[in-house]
Amino acid sequence: HGAAEPEETGTEALPRRTPAPAWLPTAKGEEGDFCLRSSDCAAGLCCARHFWSKICKPVLREGQVCTRHRRKGAHGLEIFQRCPCAEGLACRGQREQHGPADASRLHTCQR
């Protein structure tokens, strides 16, 4: 018995290069497509949690509500994650003097 001999299992020998799984996207994902990371998504999209899976969602534009986390790691607790603000924008608190008491908790993407 040579150690280099394959065991016989009744199946064909696997090729040396296995093809990519069928679920793995060949092109960049569009909005609503399943993803594993933001690099799986097309330009202007990020990969964010939606319920218990992740999909490509649009990066936030100026004036859109964003999520700013006070504690590191809190982003992982959301079941509906938002993408970050687009390049050149920051997620900042609304400064409304005559607004409701919790208006200070509302954050939007701003220059």
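The values are calculated or read from the model by the stated rules, or taken from the named source; none is laboratory data. Remember, predicted model here, so these are calculated numbers, not experimental data. Side chains included, ligands, DNA and RNA excluded: accessible areas come from the protein's heavy atoms. Shrake-Rupley method; radii C 1.70, N 1.55, O 1.52, S 1.80 Å.
Points worth noting:
- Accessible surface, 1.4 Å probe, highest first, among residues ARG92, ARG37, ARG111: ARG111, ARG37, ARG92
- Stretchable slack from PHE80 to ARG37, in nm (0.36 nm times residue separation minus alpha-carbon distance): 13.9 nm
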